[in-house]
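Novice: Structure in structure tokens, see below.
The values are calculated or read from the model by the stated rules, or taken from the named source; none is laboratory data. Every value quoted in this text rests on a predicted model; they were computed, and no experiment measured them. When we count neighbours, we look across all protein chains shown, and the Cβ atoms used for this are built from the backbone with ideal geometry, even at glycine. Side chains included, ligands, DNA and RNA excluded: accessible areas come from the protein's heavy atoms. Shrake-Rupley method; radii C 1.70, N 1.55, O 1.52, S 1.80 Å.
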Amino acid sequence: MHRRNFLKTGSLAGLSLATVASTSFISRPEEKNNNSGEKTDDFVLNEVTIDILQQKMQKGEYTSRSVTKMYLKRIEEIDKNGPKLNSVIELNPDALAIADAMDKERTAGKIRGPLHGIPVLIKDNISTGDKMHTTAGALAIADNVMTADAFIVKKLREAGAVILGKTNLSEWANFRSEHSTSAWSSRGGQTRCPYILDRNPSGSSAGSGSAASANLCAIAIGTETDGSIVSPSSVNGLVGIKPTVGLWSRTGIIPISKTQDTAGPMARTVRDAAILLGALAGEDSSDSYTAASKGKTEADYTKFLDAGGLQGKRIGIEKDGLKVSPQMDPIFHEAIDLLKSKGATIVEVELYKLLKPIGHDSFKVLLYEFKDGLNKYLSNANSKVKSLAEVIAFNKQNEANAMPFFKQDILELAQTKGGLEEKEYLDAVKNTTGTSRNAIDKLLKENNLDAIIAPTNGFACCIDLVNGDYDNGFGFASPAALAGYPHITVPMGYFNELPIGLSFISSAYKEGDIIKLAYAYEQASKKRVAPKFKANLFG
């Protein structure tokens, strides 16, 4: 959750990075310089795509095992030593065994699909039925090792992906305190932005964003309640897709909100994100929200990838995004001009004006749903802590380690709420979901629009564990998040090497439509630039 819009204690359990064989493919960017004195990074898998990895494995140039070993070594070099991004909270001790199994299948002529043998990192609030922990970054449930995979993890394994490990996040997906610092958790510590290391990679899917951007994996998975996929994707120069709620199952994911939560892809290209999106979509009898997706999902979203996809389209521009800051505005206006040059018609709209009646109801919804959902999850988890009340008590008893920088006011407020039959909750849900859906649908229909766009958010904030997060000027996550509608962000540009994304949103199950627009923009703009791990804005 991107809360602005509404001490390393974790271990790399089970797998010693020192045991990963050294390769000649990696150099630490802080140690090798070119003639200009600028740091270089010659990791052989930098900016590699799923298609390229598959081609090289098919030709025998790589195996899944060799690729997995390169990424494990990269994590050692970049995440734990070198720049110390601190994006990976735990490695999968079974990663190389999974890779070996996928190589054996390939040798036998069995290819499961485009994700066969591809290394993936997933956020540490997504359950895995293996040797890894599932903790949402919280020391309170650091003992939790689940016996069953989340539904999307089952799908990931069926697709042949190699789960490298789990990524750090803002603790409890940034639903612990109004004064928190994004990308910090009591179990995992503080994750950093790979572009400018003293900047915050945003939350809550901070580790997935930082790791995918820094080429620590081929692709990553994050989760979002309100901005937690698109915000870290934007400030880490990634493509992020927040699907329609119900396109991907939430079973086995530590929850905040049953009406807004979803997992989604975080990748360096629209194509890679589209591949992952289709592979994990599907109905799940344990998540009633997925029933609405029947007949509305695609097994392959890459069929929407059309470089000419902007021609003849009508796109609404959120008025509030036109004048954000002297640093942001030229970047957004350049993007608008490019959209026009590729055949799109631009229409100015005022979406945020229509959302004003929601007021504080959205936060009320999250408080009720968090308490209900977390209690249900913990009651079946393998942690000694079995409820929100016990989480609060644990944090108080272990305050020095669990709450050294900020407290747990949101947890405590959620604990005061009743059940989901309360009138306050039911009224708040109706107002929040209904108002946001009606607003988006109204603008799309009345203006005959294919999508609405705006800058995804402001530039990355400085890490501040004393004062917590601060407003970075703009955020476009909430409309689609509150409605449960799809949202994709694509790299739009940079200011002093800090990335920012361009957002496309539309109505329910219109992922294909906005993927087409985002891909056409990506191919015309080519704004993705790999990070250089600068210490600060000055070098």
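Novice: Please work out which residue is nearest to Phe533 (Cα to Cα), limiting yourself to segment 75-92 and to residues that are assigned to a loop (DSSP other than H, G, I, E, B) and touching an Asp or Glu at 6+ places or on another chain (Cβ under 8 Å).
Specialist: Pro83
Novice: Got at least one residue in segment 473-486 being at pLDDT below 95 and out of contact with any Asp or Glu (no Cβ under 8 Å at 6 or more places or on another chain)?
Specialist: Checked against the condition, which is being at pLDDT below 95 and out of contact with any Asp or Glu (no Cβ under 8 Å at 6 or more places or on another chain), segment 473-486 yields at least one hit.
Novice: Sticking with this one: Does any residue of segment 98-119 turn out to be closer than 25 Å to Trp184 by Cα, surrounded by 24 or more Cβ atoms within 10 Å (Cβ to Cβ) and of a type outside the set (Gly, Ala, Ser)?
Specialist: yes
Novice: Could I ask something else about it? Does Gly240 satisfy the condition of being closer than 19 Å to Ala138 by Cα, touching a Gly at 6+ places or on another chain (Cβ under 8 Å) and crowded, with 24+ Cβ neighbours inside 10 Å?
Specialist: It is false that Gly240 is closer than 19 Å to Ala138 by Cα, touching a Gly at 6+ places or on another chain (Cβ under 8 Å) and crowded, with 24+ Cβ neighbours inside 10 Å.
Novice: With the requirement that a residue be in a loop (DSSP other than H, G, I, E, B), within 15 Å of Ile514 (Cβ to Cβ) and open to solvent by 60 Å² or more (accessible area, probe 1.4 Å), what does segment 291-307 give you?
Specialist: Passing the criteria: Lys296, Asp306.
Novice: Starting from segment 114-141, keep only residues that are of a type in the set (Val, Ile, Thr), then list their pairs with residues that are part of a loop (DSSP other than H, G, I, E, B) and modelled with pLDDT under 95 whose Cβ atoms are within a distance under 9 Å, requiring at least 6 positions of separation or different chains.
Specialist: Close Cβ pairs satisfying both conditions: Thr135/Gly10.
Novice: Further question on the same structure: Looking only at segment 81-98, which residues are within 13 Å of Ser210 (Cβ to Cβ) and touching a helix residue (DSSP H, G or I) at 6+ places or on another chain (Cβ under 7 Å)?
Specialist: Scanning segment 81-98 gives Leu85, Asn86, Ser87, Val88, Ile89.
Novice: Can you find a residue in segment 67-74 that is buried (at least 16 other Cβ atoms within 10 Å of the Cβ), hydroxyl-bearing (Ser, Thr, Tyr), outside any loop (DSSP other than H, G, I, E, B) and more than 22 Å from the chain's Cα centre (by Cα)?
Specialist: Within segment 67-74, none of the residues are buried (at least 16 other Cβ atoms within 10 Å of the Cβ), hydroxyl-bearing (Ser, Thr, Tyr), outside any loop (DSSP other than H, G, I, E, B) and more than 22 Å from the chain's Cα centre (by Cα).
Novice: Still on this structure, I have one more. Is at least one residue of segment 461-484 surrounded by 19 or more Cβ atoms within 10 Å (Cβ to Cβ), of a type in the set (S, T, N, Q) and under 19 Å from the mean Cα position of the chain (by Cα)?
Specialist: yes
Novice: Does segment 436-460 hold any residues that are polar (S, T, N, Q) and surrounded by fewer than 20 Cβ atoms within 10 Å (Cβ to Cβ), and which are they?
Specialist: Selection gives Asn438, Asn447, Asn448.
Novice: Could I ask something else about it? Limited to segment 134-148, what total is found for residues that are crowded, with 24+ Cβ neighbours inside 10 Å and not aliphatic (A, V, I, L, M)?
Specialist: Counting residues in segment 134-148 that are crowded, with 24+ Cβ neighbours inside 10 Å and not aliphatic (A, V, I, L, M) gives 3.
Novice: Out of (1) more than 9 Å from the chain's Cα centre (by Cα); (2) open to solvent by less than 10 Å² (accessible area, probe 1.4 Å); (3) among the small types (Gly, Ala, Ser), the odd one out for Ala220 is which?
Specialist: Status for Ala220: all satisfied but (1).
Let's see how each residue does on (1) within 23 Å of Ser234 (Cβ to Cβ); (2) among the basic types (Lys, Arg); (3) touching a helix residue (DSSP H, G or I) at 6+ places or on another chain (Cβ under 8 Å):
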position: Leu305; (1), (2), (3): yes, no, yes
position: Lys313; (1), (2), (3): yes, yes, yes
position: Ile331; (1), (2), (3): yes, no, no
position: Ala335; (1), (2), (3): yes, no, yes
position: Gly343; (1), (2), (3): no, no, no
position: Val349; (1), (2), (3): yes, no, yes
position: Pro357; (1), (2), (3): no, no, yes
position: Asp361; (1), (2), (3): no, no, yes
position: Leu367; (1), (2), (3): no, no, yes
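Novice: Would you pick out the residues in segment 377-423 that are in a helix (DSSP H, G or I), open to solvent by 70 Å² or more (accessible area, probe 1.4 Å) and either among the hydrophobic types (A, V, I, L, M, F, W, C) or farther than 19 Å from Asp143 by Cβ (or both)?
Specialist: Ala400, Glu412, Leu413, Lys423
Novice: Take Ser293 and decide whether it is over 23 Å from the mean Cα position of the chain (by Cα) and among the hydroxyl-bearing types (Ser, Thr, Tyr).
Specialist: no
Novice: In this structure, does Val235 turn out to be crowded, with 24+ Cβ neighbours inside 10 Å and within 22 Å of Gly113 (Cβ to Cβ)?
Specialist: Criteria not met by Val235.
Novice: Here is a check on your reading of the model: is Ala159 of a type in the set (A, V, I, L, M, F, W, C), open to solvent by less than 10 Å² (accessible area, probe 1.4 Å), in contact with a helix residue (DSSP H, G or I) (Cβ under 7 Å, 6 or more places away or on another chain) and closer than 30 Å to Lys294 by Cβ?
Specialist: When the stated conditions are applied, Ala159 does not pass them.
Novice: Looking at Lys527, is it over 18 Å from Ala335 (Cα atoms) and outside any helix (DSSP H, G or I)?
Specialist: The answer is no for Lys527.
Novice: Is it the case that some residue within segment 339-353 is more than 30 Å from Ala274 (Cβ to Cβ) and in a helix (DSSP H, G or I)?
Specialist: Yes: segment 339-353 contains one or more residues that are more than 30 Å from Ala274 (Cβ to Cβ) and in a helix (DSSP H, G or I).
Novice: If you don't mind, there's one more thing I want to ask. What residue, among those in segment 257-280 that are assigned to a loop (DSSP other than H, G, I, E, B), in contact with an Asp or Glu (Cβ under 7 Å, 6 or more places away or on another chain) and not polar (S, T, N, Q), is least open to solvent (accessible area, probe 1.4 Å)?
Specialist: Looking at residues that are assigned to a loop (DSSP other than H, G, I, E, B), in contact with an Asp or Glu (Cβ under 7 Å, 6 or more places away or on another chain) and not polar (S, T, N, Q), I get Arg268.
Novice: Would a scan of segment 344-359 turn up a residue that is buried (at least 20 other Cβ atoms within 10 Å of the Cβ) and of a type in the set (S, T, N, Q)?
Specialist: no
Novice: Inside segment 492-539, can you point out the residues that are among the hydrophobic types (A, V, I, L, M, F, W, C), in contact with a Pro (Cβ under 8 Å, 6 or more places away or on another chain) and surrounded by 17 or more Cβ atoms within 10 Å (Cβ to Cβ)?
Specialist: Correct list: Met492, Ile500, Leu502, Ile505, Ala508, Ile514, Phe533.
Novice: Could you list all residues from segment 174-198 that are open to solvent by 10 Å² or more (accessible area, probe 1.4 Å) and outside any loop (DSSP other than H, G, I, E, B)?
Specialist: Gln190
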